[in-house]
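Visitor: Provided herewith is a single structure, encoded as structure tokens, for subsequent inquiry.
A short reminder: the numbers here are calculations on the coordinates, not readings from a lab. From a predicted model like this one, the values you see are computed outputs, not experimental measurements. Using ideal geometry, Cβ is built from the backbone for each residue, glycine included, and neighbour counts are taken over all protein chains shown.
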Amino acid sequence: MFVTSFLFELKYRLRSLATWGCLIAMIIMGYREMLGGEWDALMQSGRVARNSPYAIYYLFMYYTFWAATVGSALVIPTLLRDLNSKTADYLYSFDINSKHYFLGKYLACLVIVLLVMSSVAIAMVTLPVVSNLFGLYPNSDFIATSWPHILHAMLLWVLPACVVYTAIPFALTALTGRATPAYAAMMMAVGSFVMITALFGDGAPQAPWLQIMDPLGKVTVEGQIFYWTAEQRMVQFLSLDGALLYNRLLYLALALTLLAIAWWRFDLAKFRTSNSQTSSAKPAAKAQQPTHRSRQINTSPLTLMTKNAVTYWVKFSAHAGYLQARQIITNKAFFFSMFTLTLMLIIAGLSYRLPGIEGSSAILPKTYTLLPVLIYPSLIFTMLAAAFFVVDQCHKDHQLNTAQLVAVCPAPDWHAPLSHIISAVIVAIVLMLVPVSGLVGAQLIQGYIDPDWQSLLHLSFIVLLPLMLAYVFIAIISYGLLQSKVAAQVLAVMLCISPAIFNETNAVENFMYLWAWPSIAQLSELASTEQFILRDLNLMLYWLSFYSVLLVLVSWLWPRGMIAPFKERLMSLPQKVAPCSLAIMLLAGTVFIFQAKSVHQDMIIDGQFETQSDGYIAQVDYESRYRQFNTQPKPKISHAEIAISLYPDKRAVQYIANLTLTNPYKQAIEQLFINTNDFTEIEQVSTFGSTLSSVTTDHTHHVSLWDLNSPLAFGHRRQLSIEASVRYQGYSNRATNYLGKITNHASYIDADFWPTLGFEKDKIIKDNALRDKFKLAPLAPDFFSQSDTSDVYQHNDADLITYTLKIEAPSDQVVVAPGELVGQQSLDKRQTYEYEITTPSHWKPAIVSAAYQTRQSVWTSPNTGQKIPIELFYFNADEIIIETMLKRAKHALEHGESVFGTYPYNSLKIAALPQGMGEQSVSANLVLIPEMAAWQHNYRQLPSIDWLAYTVHRAVAQVWWQNIAIANTTGYPLLSQGIPTWFALTKSGLSGEARQQLLATITDDYLLARTKESAEEKSALTLTHQPYANSKSQLAVYAASQLIGEDKFNQVIEDVVLSYHAQKGMQFVSALHLYRNLSQAVSHPKHKKQLYALYQQVVLHDFTIHNLQIEQLNDNHYSLVADLKAVSIEQQHGEALRVPYTGAASVTMYFEQTGDFESHAQEVYFNQGQAKLRMYLPQPPSKLFLNENGAFVDIAYSDNVRQL
């Protein structure tokens, strides 16, 4: 009987179009995922093959999602099909062993799901052939198929996933006789994974328990592969141990146990009768209820409604739709899933932190901040609910016991699809309310009420509701086309999830082609959001009109009663096309075409949209046209006077820049090469009142060439006047980007706004591996620091200069700019602010304008007695944030003066930057901090990490270095990034625990960024523009300070700054200067060796603690014994060599004393990577920390700590 049951089910499934359709669709999804490898920078550059072991593991792991969704859809109908078709009654008349029947059905399902999931292996093996056939990528992007890695990935991911996600839904269906519990389990599994990534971050390795609990295993596999370098990605095998092993065993054990219970309890007779009783109980109960309130018999004649009673059938369809929606919403599985999702979203809201290092402190649960965060993790839940429950509801019309009634009913043909559409709309509204409920719940629990109705209505009704409608409409359209429950559910899931995949992998970058993906804006309290509202409204009408066309088409194909073949439905199409439905389709089609043109004009043409590939092509063309100008002499700006007029209501800016130019070259300058930003139009260029003539105007690359009336000789100066205007129209294709940072309520002019002189090196492709793909010559290692003149690292058309800014803006806004406010005038609802910088500072000033509130305090220098005003410009910040920021700024100024010398400006200004307009930056004495990076943090209870102290101290240190010329030589990030970060970590009063958490975050950033580098990793002294340059410099400077001691390091920094000022800035500061001073400060030979490794070699370390034992002795003392291991990881010739470390390191022990912690540090010596720690202690420590001071850059700080 087992073999008969198995072969029957297997043959039935192999003859099913749904099986082969799923297989083909999964193969196509595999091609799309890997051929759109823009999600990985190393694949783009060609350094890592698109079919590398890294890609194999990542893609095979990703298919666990498809095993959970598509696998469940294939498995669930297996037992129910026999019940719904009454086959079970027929089977019961034979002598059938229920256990054999159960096993045969399950194993056949397992084989079919394995067949469908083998699509990932088929896609990976045939990937190079498909790419070569269609000319998608060069053959160099692929390697010979790595069969061992494919087999390994099949055993690690595909086989366990198939077992788990066939056993669980099959067992639940067998135990309950219904599909909805299996749907709920599948949604819970996928939703739990989404919630884990939403709560704890997506990508970086997480705690072991999280890796073990992840039901899909994405967090688990990333715990191993996240920091793989390019070389490792080409050869490495996953290690089946630790969290990965426990994760596989956990879910296999859970699934097989549930399957065993279902097998043990399964009885075909009970299963058949219990299911029949359950399905008939509710109708029977309803039948017993009286149908009339009155006992009198209604003798009025019956009225038979015909198809022509349109009003009646519309009302009837609405009522039927309401009943169908209520049936879905009150379904226990649906309700439980949505209730669970709401609870998960509340937990996510309570636990949310900003990504990266800014997430070191909690933020206030404001609507515009938290709701976009909660929408993303809810999408998987809501999408699966729409795909499974809506399709299931549609299929009920075509079940055997109702199909005949539907066929003979005198209702019009459009009644059934209309009722399903109305039902779907109600379900979509309910799904929309789930994230909103999570937001409100998180706010209420925290005692925070945010009456931000504009953001709530915008995100709910213009972003979230259209997306939910898209999901439910896709479900109806899928079923209307296929008329197969399984196939429709699979198709709906694929159509709903595909835009998310395309967006994540950058395979589709144009929002006009992402049919079911939210364009969630980065909202702000400072800036107005009219361009986001306009964009979201247009996209909503664009897609809903498209779905309306498809829904009308599906209503024509919708069969009455029994399911009909597609050909038969197609042949009967002319009979169902009614004038009314045709008019609706034409109207929706007209709206769609109009909206498509409107969106294309506003977003693609006016928004100047270009794909990543288009961007690379533009960079290649810019270099081929203009690289010749890189070696030609260009002037430098020594002084600037700029007049700016802001017109926020028109999204426009006009400015006149009067620049004083100097020729530092011995060769005369005859032409000016001017670069502008994408939306700037130069109206006139003149010198001494004489207009210059334009030789070239390149609107594609925003370049213009101008002939000077007379050559500018060496050492001579000349006044240059540039008149330009900027006008923004439309909106950005990037979801969170402003198109032009000029809005009605706030404006931001950043460093990229200003024109630059000379060939712009930042406009070319910097990655040599990527350059090779575009047939460009490799760049020399010192290309970005090559120059015939001394340049600062920020730009080569100006050193430190003085400037004045005269800004005209609406009178209801406050304009904040670098320098000192020397004048302010009002005239006709407009104000003019005049700022002046007399201290030479870096060029390209940043300017913000908004309806700011202000707060001022004064810091008095203890050394000079100078009073420095501290001004805060903010909007709607808590009083505790304002007070804390002022206090931290004074503390930073005091410690900054002791390290860097006298404060170089007459004031310090800190302003809130509208969220989404830019990152934290410093321009002379102006510090700009995005809203959520500080102003919206929750300081009602002091957090464990005082983020405000860290960020303010770091910014204030950067203010000092705005007055110091850092040479454009290799290693400059050590000065520009490393020293401010060291200052913030050591001078801001952070606890040791907080400092370690920040160091761990910086280390994670460094380890991730170095995996994206296509060239061999650079040492600290040779860093320039590499993706890991900033984080590596921060770690290297901090490690050096811990190596030689704070006092000596302070003295080194003081000497560097004093030497620069003693030479009156004639010689720029370089990283080599810093390193020489550090070398002189180190006296011990082993410290010199370590310092050399830190700055001139690429060496990491890996410290771990093993076999830690604490034993209480008879004299009330404790014995502590631990084995310590240390490895040096040296980068040589593209390989990472692990060498046992020999040398000293620090061990820190923490002891708890009446609620406080005391620490004890001592040095331990490693010999060939081994060290033994033996301690005789009066009390047991609470924590042991190896290399706590960060003197070594460690690849995994979590291994260095042991909580006791």
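Visitor: Treating the beta-carbon of each Lys and Arg as +1 and of each Asp and Glu as -1, no other charges, what is the dipole magnitude of region 965-1097 about its Cα centre, to the nearest 20 debye?
Guide: Around 280 debye, computed over region 965-1097.
Visitor: Hey, how many Å between the Cα centroid of region 650-664 and the Cα centroid of region 784-849?
Guide: 11
Visitor: Counting other beta carbons within 10 Å of each residue's own, what order do 330, 1024, 220 fall into, fewest first? The partial results should precede the final answer.
Guide: Numbers: 330 9, 1024 19, 220 28.
Lowest count first: 330, 1024, 220.
Visitor: Could you state the per residue volume, in Å³, of the convex hull enclosing the Cα atoms of region 852-963?
Guide: Working: hull volume 10.7 nm³, N = 112.
It is 96 Å³ per residue.
Visitor: Could you line up 812, 678 from fewest to most neighbouring Cβ atoms inside 10 Å? Write down the numbers at each step before the final one.
Guide: Working: 812 12, 678 15.
Ranked by crowding around the Cβ, least crowded first: 812, 678.
Visitor: May I ask what percent, to the nearest 5, of DSSP beta bridges between residues of the chain are antiparallel? Spell out each step's value before the answer.
Guide: Details: 127 of 146 bridges.
So the antiparallel bridges amount to about 85 percent of the total.
Visitor: Roughly how many whole Å is it from the C-alpha centroid of region 143-174 to that of region 857-934?
Guide: Region 143-174 and region 857-934 have Cα centres separated by 55 Å.
Visitor: Then there is this: Restricting to DSSP H runs of at least four residues, report the calculated mean residue ellipticity at 222 nm for the chain, -39500 (n - 2.57) per run over all residues, nearest 500 deg cm²/dmol.
Guide: Working: 39 runs with 571 residues, N = 1204.
The helix-only estimate for the chain comes to -15500 deg cm²/dmol at 222 nm.
Visitor: Under the 0.36 nm per residue contour assumption, what length would be gained going from the current alpha-carbon distance of residue 1130 and residue 575 to full extension?
Guide: Values: separation 555, 0.36 × 555 = 199.80 nm, distance 7.59 nm.
Length gained between residue 1130 and residue 575: 192.2 nm.
Visitor: Which order do the peptides 1109-1115, 571-577, 600-606 take when ranked by the mean count of other beta-carbon atoms within 10 Å per residue, highest first? If you can, show how the numbers build up before the last one.
Guide: On the way: 1109-1115: 9.6, 571-577: 11.7, 600-606: 16.9.
Ranking, from highest mean packing down: 600-606, 571-577, 1109-1115.
Visitor: Using the Cα centre of the chain as origin and beta-carbon charges of +1 (Lys, Arg) and -1 (Asp, Glu), tell me which of 774, 673, 494 is placed farthest towards the positive end of the dipole.
Guide: Selected residue: 494.
Visitor: In region 599-649, how does Rg compare with the Kirkwood Rh, expressed as the Rg/Rh ratio over alpha carbon atoms? Kindly include the intermediate steps, with their values, before the conclusion.
Guide: Working: Rg = 17.7 Å, Rh = 15.2 Å.
Expressed as Rg/Rh, it is 1.16.
Visitor: Which net charge results when you count Lys and Arg as +1 and Asp and Glu as -1 among the other residues whose beta-carbon is under 13 Å from that of residue 599?
Guide: Values: positive: 535, 597; negative: 536, 602, 606.
Taking every Cβ under 13 Å from that of residue 599, the sum is -1.
Visitor: Shifting gears a bit: Only Cα pairs under 8 Å and at least 6 apart count here; give the relative contact order of the chain as a rounded whole percent. Could you put the intermediate results ahead of the total?
Guide: Numbers: 2101 pairs, mean separation 94.6, N = 1204.
It comes to 8 percent, rounded to a whole number.
Visitor: Taking the Cα centre of region 619-776 as origin, sum charge times position over the Cβ atoms of Lys and Arg (+1) and Asp and Glu (-1), and report the length of that vector in debye to the nearest 20. The partial results should precede the final answer.
Guide: Numbers: 18 positive and 17 negative charges, 80 e Å.
Roughly 380 debye, rounded to the nearest 20.
Visitor: Ranking request for peptides 733-745, 879-891, 772-784: highest mean number of other beta-carbon atoms within 10 Å first, then the rest in descending order.
Guide: Taking the mean over residues of other Cβ atoms within 10 Å, the ranking is 733-745, 879-891, 772-784.
Visitor: Moving on. On a 0 to 90° scale, report how tilted helix 485-505 is relative to the longest principal axis of the chain, with both axes built from alpha carbons and the result rounded to the nearest 10.
Guide: 0
Visitor: Still on this structure, please answer the following. Between residue 51 and residues 5 or more places away or on another chain, which pairs have amide H atoms under 5 Å apart, with H built 1.01 Å from N, and which residues are they?
Guide: 143
Visitor: Taking 7 Å along the Cα-to-C-beta vector as the label spot, tell me the residue 618-residue 697 distance in nanometres, rounded to one decimal.
Guide: Reported label-point gap for residue 618 and residue 697 is 1.9 nm.
Visitor: What do you get for the angle between helix 992-1010 and the principal long axis of the chain? Use alpha-carbon atoms, 0 to 90 degrees, nearest ten.
Guide: 80
Visitor: Next question, about the same structure. In what sequence, highest mean first, do 150-160, 682-692 appear when ranked by Cβ atoms within 10 angstrom? Before the final figure, lay out the partial values.
Guide: Details: 150-160: 19.6, 682-692: 14.3.
Packing proxy ranking, top to bottom: 150-160, 682-692.
Visitor: Measure up 634/1018; 11/105; 1048/1089 against 20 Å on the Cα-Cα distance and list the ones that go over.
Guide: 634/1018, as the Cα separations exceed 20 Å there.
Visitor: Calculate one ³J(HN,Hα) per residue across region 957-969 by plugging θ = phi - 60° into the Karplus curve 6.51 cos²θ - 1.76 cosθ + 1.60, and present them in order as whole Hz with x for glycine and proline.
Guide: Running phi through 6.51 cos²θ - 1.76 cosθ + 1.60 with θ = phi - 60° gives 4, 5, 4, 4, 7, 5, 9, 10, 7, 8, 5, 7, 10 Hz.
Visitor: Another question, then. I need 859, 754 ordered by Cβ neighbour count within 10 Å, fewest first.
Guide: Numbers: 859 21, 754 25.
With the sparsest Cβ surroundings first, the list reads 859, 754.
Visitor: Using a simple charge model, +1 on the beta-carbon of Lys and Arg, -1 on the beta-carbon of Asp and Glu, nothing else, what dipole does the chain show about its Cα centre, in debye to the nearest 20? All intermediate terms of the calculation are to be shown ahead of the outcome.
Guide: Details: 83 positive and 90 negative charges, 857 e Å.
So the magnitude is around 4120 debye.
Visitor: Using 0.36 nm times the number of residues separating residue 457 and residue 627, minus their current alpha carbon distance, what extension gain do you get?
Guide: Values: separation 170, 0.36 × 170 = 61.20 nm, distance 5.03 nm.
Between residue 457 and residue 627, full extension yields 56.2 nm more.
Visitor: Taking Cα atoms, how many degrees apart are the long axis of helix 332-351 and the longest axis of the chain, rounded to 10 and kept between 0 and 90?
Guide: 10
Visitor: May I ask you to list the aspartates and glutamates whose Cα is less than 14 Å away from that of residue 1183, ignoring any residue fewer than eight positions away on the same chain?
Guide: Excluding near neighbours in sequence, the set is 993, 1152, 1156, 1158, 1199.
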